[in-house]
Every structure is written in C-alpha cells, then in structure tokens.
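Engineer: Have a look at this one before I ask anything.
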Amino acid sequence: METKTQFKFFIVDDDFFCANVYNQYLINMNYSDITHYSNGSDCINNLHQNPDIIFLDHNMEDITGFEVLKKIKRYNPNIYVIMISGQENIKTAVDALKFGAFDYVIKGNDVNEKIAVIITKIIAIKEELKKVCPGLIKRLLSIF
C-alpha cells in the first residue's frame, strides 16, 4: 500500500468562505495538518511552524500577498507558495512568479482541481529531488 505524502499547509485568505473551501478540499484529499490565517501578518509570525505549502491570497487588507510572499521566501525559500487570486491580470501572475511563487491560481469553479494538480506536481518534484540528491538532503538536514 502506497503511503500518502503528508504536508503541513497554511491557508492565508481573508475570505473565510474561500479558506473553508480550500480547507475542506484538503481534508477530502486526506490531509490533516492545515492551519488557516485570515491575514498575512499572522502567517509571517507563524513561519517557525515550518509549513511545506502555503496557499496565499493576493489581495488582503492588512498586507499584500506580494509582501507576504517576499517575507516567506526570505524566511525559507523552499516553502512552496501558491498565490491564489481573483485577479486575471497577467502582470499580477508574472510578478507572483518573479517573487518566488510556485504557481498562480485564479479563483473560480475549478480552483480545487488546480490545487490537486499543483500538489501532485510538488510531490513529483520532491521525489525527483530525493533521487537526484539523496545524500545531500540527509547532510543538509543533519546540519539543522
């Protein structure tokens, strides 16, 4: 039986309804380590919990998604950040990727399917990294 890769998720969205939809979808995918933050500042203040994947809303009131993204990447560039936004502006998507987002998802009816595809991509990348650099990962982890 294949074991499912477990991740620690942060959902950062000031829209409680959207956050709950993402949360429930992750639970339905058998993930359990999910924390919701309604603003970017709370997310930044809890990065010490070492999330693997962060779903980050672009447009929040206290601090922009871009500012949160930059701070996340300064804290740990290996956190997979997926920017989720209602903005269909291509410049916004390009800027998110420039600032280090793993992917950019436009809010809509198919957002859950896109989340599943992105998680599958992350799992594949992590597996490839283990194959390519198994000793390196162990050495790096032993330092910390």
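Engineer: Which of Lys114, Lys91, Lys73 ends up with the largest GNM mean-square fluctuation for the chain, with Cα atoms connected below 10 Å?
Structural biologist: Checking each option, the largest mean-square fluctuation is seen for Lys91.
Engineer: Also, quick follow-up: Ranked by accessible surface with a 1.4 Å probe, highest first, in what order do Ser41, Ser32 come?
Structural biologist: Ser32, Ser41
Engineer: Working out 0.36 nm times the residue gap between Lys130 and Phe16, then minus their Cα-Cα distance, what length gain in nm do you get to one decimal?
Structural biologist: 37.4 nm
Engineer: Please go through the residue pairs Lys91/Lys130; Lys98/Lys126; Lys70/Lys114; Lys71/Lys131 and name each one whose alpha carbons sit more than 28 Å apart in this structure.
Structural biologist: Lys91/Lys130; Lys71/Lys131
Engineer: May I pose another question? Using the Kirkwood radius over C-alpha pairs as Rh, can you work out the diffusion coefficient of the chain via Stokes-Einstein at 10 °C, viscosity 1.306 mPa s, in µm² per second?
Structural biologist: 101 µm²/s
Engineer: Next up: On full extension of the chain, what length is gained from Val94 through Lys71, given 0.36 nm per residue of separation minus the C-alpha to C-alpha distance?
Structural biologist: Extra length available between Val94 and Lys71 comes to 6.5 nm.
Engineer: Roughly how tilted is helix 111-132, in degrees to the nearest 10 and between 0 and 90, from the longest Cα axis of the chain?
Structural biologist: On a 0 to 90 degree scale, this one is about 20.
Engineer: Let me ask something else. Is it possible to state the helix-based mean residue ellipticity at 222 nm for the chain, with each DSSP H run of 4+ residues giving -39500 (n - 2.57), the sum divided by total residues, to the nearest 500 deg cm²/dmol? What is it?
Structural biologist: That calculation yields -15000 deg cm²/dmol at 222 nm.
Engineer: I've got another one for you. On a 0 to 90° scale, report how tilted helix 134-143 is relative to the longest principal axis of the chain, with both axes built from alpha carbons and the result rounded to the nearest 10.
Structural biologist: Helix 134-143 sits roughly 80 degrees off the main axis of the chain.
Engineer: Heavy atoms only, probe 1.4 Å: what % of the accessible area of the chain goes to carbon and sulfur, would you let me know?
Structural biologist: C and S atoms contribute 55 percent here.
The values are calculated or read from the model by the stated rules, or taken from the named source; none is laboratory data. On a predicted model such as this, the values are computed, not experimentally measured, just so you know. These area figures cover heavy atoms from the full protein model, side chains too; ligands, DNA and RNA do not enter into them. Shrake-Rupley method; radii C 1.70, N 1.55, O 1.52, S 1.80 Å.
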